[in-house]
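Take a look at the structure below.
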Amino acid sequence: MALRRKKGYKFSDEVMSKDAIISLIFGIIALLVIIFSIVLAIILKGAVPEQIGALLLASGIMAVTALIFALISLNDSEGGILSKRGAIIISVIDLIILVVLYLI
């Protein structure tokens, strides 16, 4: 017997935690800045301007801020757990990449 499609759409009433949204935005912006810096360093063969160091420092501050907001959002009762875990994962990935870049 074939499965029948349900008519209509089902939307979730669940809202996202504001702290998780802030953490996701900061984490994604920091990740984009890190990727931009790495790509620019590859293109310029390591001869990057000094402003890239300031951008990486700013992305490190944003990654730490994103991690703090993500940990705060875990205590909120509103919002799904997926966005909270995603925010933590993105901010930790940002910090790991920055530590690896610092050690290289």
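The values are calculated or read from the model by the stated rules, or taken from the named source; none is laboratory data. Small disclaimer: the values here were computed from a predicted structure and weren't measured. Backbone-built Cβ (ideal geometry, glycine too); neighbour counts: all protein chains shown. Only protein heavy atoms, including side chains, enter the accessible area calculation; ligands, DNA and RNA are left aside. Shrake-Rupley method; radii C 1.70, N 1.55, O 1.52, S 1.80 Å.
Helices (runs of 4 or more DSSP H) fully within the chain that include at least 2 residues being aliphatic (A, V, I, L, M), modelled with pLDDT of 85 or more and in contact with a Pro (Cβ under 9 Å, 6 or more places away or on another chain): none found.
Screening Thr65 against (1) surrounded by 12 or more Cβ atoms within 10 Å (Cβ to Cβ); (2) more than 15 Å from Ile96 (Cα to Cα); (3) among the hydroxyl-bearing types (Ser, Thr, Tyr) leaves a single unmet condition, (2).
Just to be sure I understand, how many residues within the stretch 70-104 are closer than 19 Å to Val33 by Cα and surrounded by 12 or more Cβ atoms within 10 Å (Cβ to Cβ)? Of the residues in the stretch 70-104, 13 are closer than 19 Å to Val33 by Cα and surrounded by 12 or more Cβ atoms within 10 Å (Cβ to Cβ).
Of everything in the stretch 27-62 that is of a type in the set (Gly, Ala, Ser) and open to solvent by 60 Å² or more (accessible area, probe 1.4 Å), the residue that is farthest from Asp94 (Cα to Cα) is Ala47.
Okay, residues lined up against (1) closer than 20 Å to Lys18 by Cβ; (2) in contact (Cβ under 8 Å) with a residue 60 or more places away in the chain:
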position	(1), (2)
Gly46	no, no
Gln51	no, no
Ala54	no, no
Thr65	yes, no
Leu74	yes, no
Glu78	yes, yes
